[in-house]
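Below is one structure, written out as structure tokens; the observations come after it.
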Amino acid sequence: MKTLAPAKINWTLEVLGKREDGYHEIRSVMQTIDLCDELSAELSDSPVFETAKGEPLADDDLIVRAARALEGGVGRALPVRIRVTKRIPVASGLGGGSSDAAAVLRLLNKLYELELSDEELATVGAVVGSDVAFFVYGGTALVEGKGERLTSLRDAPETWVVLIVPPVSPVSKTVSMYESLTEDDFTDGSNTIAAAEEVRHGKVIDDWHMRNVFERAAFECFPDLVAYRYSLLRAGASAVYLAGSGPGQFSRSTDRAGAERIAGNVKAGGGKVIVARTVGAKEATAVTD
């Protein structure tokens, strides 16, 4: 049994403030794209979690944690052999680990015929990581709270994106980004609400509404990101946006040819350049035998 684990971009990402529990209150429109890891699952006498090369995954890997969280949720052992082929750059702001976790929940739900709803899987996923619930649903969604409250939207109009991922692997990157925020970075979330309304009406999100709270913090923490941004602009991108909490960045194009033209012109300076398209919920969450 197989499923793809798509990456994501944030059309918007706003922080409204810090909560009493220490987390930040976010509001974001998130979108799956067709840059994917691939996971396979088969029944096993004992749990096995490994890479495509047969290397075991660490106990704190989100794949392992998701499987154990689901076992705890249903109150029974679910021994399985999970193998993951990684294609999404790690710690890039594209959500690869969280998407892998959601993929495990989908696979186990199907493999063991648990018949859990997406809502039930998302509840389990939220315990594993803030973005996991989104990946259970896929497509385009308004995400609120600390990432666990979702409102699925109609699939956004198909858009091509050019990603550039710098060759840096910051330690505890997301935590560092949130710690770098100040009250001046907080907003009321109105750009995200406006973006969600545009999606609901079948429109492409206006550049004006595509705000990311981490722009200032990311470029202060990683000054080299400026060079990668300008490499996309010089290649023909009209605007460049931070992917999640970075350091990945992306630009938009209305068609594949335009995206590939930009990608071909990029002088990446060691960064990875990837062309991808947005994918809807059905494609993002399909499981095949």
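The values are calculated or read from the model by the stated rules, or taken from the named source; none is laboratory data. No experiment lies behind these values; they were computed from the predicted model shown. Neighbour counts are summed over all protein chains in view; Cβ atoms, including those assigned to glycine, are modelled from backbone coordinates with ideal geometry.
Quick look at the numbers
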{"read-out": "Scan of region 76-88 for residues that are more than 11 Å from the chain's Cα centre (by Cα), assigned to a loop (DSSP other than H, G, I, E, B) and among the aliphatic types (A, V, I, L, M), ordered by number", "value": "Ala77, Leu78"}
{"read-out": "Test result for Val165, closer than 20 Å to Ala101 by Cβ and of a type in the set (A, V, I, L, M, F, W, C)", "value": "no"}
{"read-out": "Residues that are assigned to a helix (DSSP H, G or I) and either among the polar types (S, T, N, Q) or in contact (Cβ under 8 Å) with a residue 24 or more places away in the chain (or both), drawn from region 234-263", "value": "Arg234, Arg256, Gly258, Ala259, Arg261, Ile262, Ala263"}
{"read-out": "Residue match in region 67-75 (condition: part of a loop (DSSP other than H, G, I, E, B), over 21 Å from Val279 (Cβ atoms) and modelled with pLDDT of 95 or more)", "value": "yes"}
{"read-out": "Residue that is surrounded by fewer than 22 Cβ atoms within 10 Å (Cβ to Cβ) and within 30 Å of Asp184 (Cβ to Cβ), where the choices are Glu42, Glu50, Glu20, Glu38", "value": "Glu20"}
{"read-out": "Candidates Thr51, Thr32, Thr3, filtered to the one that is β-branched (Val, Ile, Thr), touching a Gly at 6+ places or on another chain (Cβ under 9 Å) and in contact (Cβ under 8 Å) with a residue 24 or more places away in the chain", "value": "Thr32"}
{"read-out": "Helices (runs of 4 or more DSSP H) lying entirely in region 89-200 (those with 2 or more residues that are farther than 26 Å from Val240 by Cβ)", "value": "96-111, 118-128, 132-137"}
{"read-out": "Exclusive hit being of a type outside the set (Asp, Glu), at pLDDT 95 or above, on the phi > 0 side of the Ramachandran plot and in contact with a strand residue (DSSP E or B) (Cβ under 9 Å, 6 or more places away or on another chain), set Gly246, Gly189", "value": "Gly189"}
{"read-out": "Residue, surrounded by the fewest Cβ atoms within 10 Å (Cβ to Cβ), within region 74-95, restricted to residues that are under 14 Å from Ile33 (Cα atoms) and in contact with a Lys or Arg (Cβ under 7 Å, 6 or more places away or on another chain)", "value": "Pro89"}
